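The structure appears right after this line, and notes come after that.
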Amino acid sequence: MEKDKLNPMAVWREWFVKSEKAWSQALTEMMGDEKFSKGMGRYMQEALHSHRMFSEAMSQYLANLNLPSRSDVLDVSDRLGQIEDTLAAIQVELRQQRIQLARANSIANPETGGETAAPAKPARTRRPPQHQA
Amino acid sequence: MNKPAYHAPTKAQRAELEEQVRKSVERALSRNIPGLALQQASLELEVGPTPKEIVYTRDSLRLYHYLPMTDEVYRVPVLIVMSPVARGYILDLAKGQSFIEYLLLQGYDVYLMDWVPPRREHAHLGMKDFALDLIDESIAHVQQDSGETEVSVVGYCLGGFLAAVNAAVHSKGPIRNLVCFTTPVNAEGMALYKAWVETQAFDIDRLVDALGVIPGDMINASIQALRPLQKQANQMQLLNNVQDDAFVKASLRFDRWATEQLPVAGALARDLVNDFLRGNKLVRGEYVLDDKQVDLGKIRVPFLHVAAEYDHIVPTAASTDLVKLVGSKDKNEIVVKGGHVSLIAGGNAVYRLWPQLDKWLSVRSV
């Protein structure tokens, strides 16, 4: 550690870390200024407008080049999301089936609980430790 | 011109130098050379290690049940409502640094409402869907799955807002206890966001109409703006601690989580801007959702709010009114030193905060 203190870069980094909060606060206050807020709002509107214009212009150009546009990529992303949804629904269904099968088996073989019985659920009888109660 | 005098190193100095070089090389080799190791570590970082099963899914909701870790659990199950703008794995970051694992080891039966990135088809999901429908459906599934009628609800950040709104609307519902972690209710305490959205130049309707779903990068940038140099400071801290493997891994995990903010469904963003940031309706008692008055005073169940003293994302000024407004007789607030994330994933939370939460919740969970 003593050696690190002699490393000027480490010392500078340490100073930056310690003073970061004050610098960040100053910047945040600046960003909360009315002028900045208005400017940011206007910039966002302009960015949305140019994004739309650019997307419309580019989509035809990309189609001519036989390349996917952002919208096409989003379509693929949505499809993947839908597949993930389906997989999640299958997992839910499998869990339900496993629970029902385990219940049916334990009714059929009450002594063994059935070969495919799900792990026994813990009893809901826990009490807080004496010092907390 | 005289040359500076050169003194050959002594035998002892040479030996010390050799020893230092040997140690550095060994350390580098053991970590496959630091620079490469960092890259490799960031790819291999495993998050969310606690075993779980999926119980229910709808839209961008995933309801998970974590497998109990004790032979006996408390009667009342715990449902955690994660913020819909952040990934749920922050609650289960790594073994030994996991809020969920801690709860399981203390004997709670834990369910988590987690979110996947909403898609364009989810753009219409608003506050009613998140705070009422999805929480109601999740509670119903927890009741069915656990066999218990009562459920303790724990909300983190915006998840706490959703949970509090739900508890206020269904004041005679099945919620047994309500715990909110660093939950924003007073927009006056969120000065930067309020300043941004209050100018006429900020047109939330146009933004939502154009994008449908607000991209995660935009959410990330707005959170970064609350402390613009923090990321750089974290990187410098990482460089200063590059020889500490545990620090490097923890830092990379946090960094990964911080940059993976979830996109937000457009209707929810619109509701948050209009009703919360602009209207500040919850603290003014003017919030109406699905034709129902949202009155926090109607919450009568045992209530705990946990806030962080140095939270820059949800400052205490934005959250502290929650305790005042909630109508429960049995209500408490714990304010701990730390930041927004360290409450649920910080190294010290396991010693400082979580035992206090366990002490509060355990006696109310039987």
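Largest mean-square fluctuation among B:166, B:274, B:186, in a Gaussian network model of chain B whose springs join Cα atoms under 10 Å apart, belongs to B:274. Considering only beta bridges that DSSP places wholly inside the protein assembly as shown, some 40 percent are antiparallel.
Taking the Cα centre of the stretch B:122-260 as origin, sum charge times position over the Cβ atoms of Lys and Arg (+1) and Asp and Glu (-1), and report the length of that vector in debye to the nearest 20. Before the final figure, lay out the partial values.
Details: 10 positive and 17 negative charges, 86 e Å.
So the magnitude is around 420 debye.
Summarising the amide proton neighbourhood of residue B:115: residues at separation of 5 or more, or on other chains, whose placed amide H is nearer than 5 Å comprise B:62, B:88.
Sorted fewest first by neighbouring Cβ atoms within 10 angstrom, A:55, B:251, A:69 come out as A:55, A:69, B:251. Derived scalar couplings between HN and Hα for the stretch B:67-83 equal 5, x, 10, 10, 6, 10, 10, 5, 4, 8, x, 10, 10, 9, 9, 7, 5 Hz in order, rounded to whole Hz, by the Karplus curve 6.51 cos²θ - 1.76 cosθ + 1.60 (θ = phi - 60°), x for Gly and Pro. Helix B:34-44 and the long axis of chain B differ in direction by around 30°, with both axes built from C-alpha atoms. For the stretch B:277-366, the extents of the C-alpha atoms along the principal axes are 43, 35, 20 Å, listed from largest to smallest.
Seen from every direction in turn and averaged, the convex hull around the alpha carbons of chain A projects onto 23.1 nm². What does the charge dipole of the protein assembly as shown about its Cα centre add up to, to the nearest 20 debye, if the Cβ of each Lys and Arg holds +1 and the Cβ of each Asp and Glu holds -1? In total the dipole reaches around 1280 debye.
Of B:298/B:331; B:95/B:359; A:38/B:128; A:121/B:359; B:194/B:231; B:52/B:95, which ones are farther than 19 Å apart at the Cα?
Details: B:298/B:331 13 Å; B:95/B:359 22 Å; A:38/B:128 30 Å; A:121/B:359 24 Å; B:194/B:231 23 Å; B:52/B:95 14 Å.
The answer is B:95/B:359; A:38/B:128; A:121/B:359; B:194/B:231.
Which shape class applies to the stretch B:102-259: rounded if a/c is under 1.5, otherwise prolate when a/b exceeds b/c and oblate if not, where a ≥ b ≥ c are the square roots of the Cα gyration tensor eigenvalues?
Details: a/c = 2.03, a/b = 1.19, b/c = 1.71.
Here the stretch B:102-259 falls in the oblate category.
What is chain B's relative contact order, in percent, from Cα pairs under 8 angstrom and six or more apart in sequence? Across chain B, relative contact order equals 20 percent.
Classify the stretch B:303-356 as rounded, prolate or oblate from the Cα gyration tensor: take a ≥ b ≥ c as the square roots of its eigenvalues, call it rounded if a/c is under 1.5, otherwise prolate when a/b beats b/c and oblate if not.
Details: a/c = 3.20, a/b = 1.42, b/c = 2.25.
Judged from the Cα gyration tensor, the stretch B:303-356 comes out oblate (a/c at least 1.5, b/c at or above a/b).
Taken over the stretch B:74-116, the percentage of Cα pairs per 5 Å bin, counting from 0 up to the bin with the maximum distance, is 6, 24, 28, 25, 14, 4, 0. What does the C-alpha gyration tensor say about the overall shape of the stretch B:45-156? Classify as rounded when a/c is under 1.5, otherwise prolate if a/b is larger than b/c, or oblate. It comes out oblate by the Cα gyration axes.
Taking each pair of different alpha-carbon atoms in the stretch A:73-113 once, compute 1/r for the pair, average those values, and report the inverse of that mean as the Kirkwood hydrodynamic radius in Å to one decimal.
About 12.3 Å for the stretch A:73-113.
Taking other C-beta atoms within 10 Å as the exposure proxy, A:76, B:314 rank A:76, B:314 from fewest upward.
Just counting partner chain Cβ atoms within 10 Å, what average do the residues of peptide A:17-27 show around their Cβ? Write down the numbers at each step before the final one.
Values: counts 9, 1, 2, 10, 6, 1, 6, 11, 5, 2, 5.
Per residue, the number of nearby Cβ atoms from other chains is 5 on average.
Put simply, the Cα atoms of chain B extend 90, 58, 37 Å along their principal axes, the longest span coming first. Sorted fewest first by neighbouring Cβ atoms within 10 angstrom, B:362, B:171, A:19 come out as A:19, B:171, B:362.
Quick one: longest stretch of chain B between exposed loop GluC sites (Glu not before Pro), exposed meaning at most 16 other C-beta atoms within 10 Å and loop per DSSP?
On the way: sites that count: B:46, B:260, B:286, B:309.
Excluding the exposed sites themselves, the longest stretch runs over B:47-259.
Based on alpha-carbon atoms only, what is the radius of gyration of the protein assembly as shown relative to the globular estimate 2.2 N^0.38 Å?
Details: Rg = 26.2 Å, N = 499, 2.2 N^0.38 = 23.3 Å.
Dividing the Cα radius of gyration by 2.2 N^0.38 Å gives 1.12.
Anyone know which of A:59, A:50, A:106 comes out most mobile in the 10 Å Cα GNM of chain A? Its mean-square fluctuation being the largest, the pick is A:106. Scaling the Cα radius of gyration of the stretch B:181-339 by the globular reference 2.2 N^0.38 Å produces a ratio of 1.21.
Values quoted throughout were computed directly from the atomic coordinates according to the rules given, and no laboratory measurement underlies them. This structure is a prediction, so every number in the text was calculated from the model and none was measured. Cβ coordinates were reconstructed from backbone atoms using ideal geometry, including for glycine residues, and neighbour counts include every protein chain displayed.
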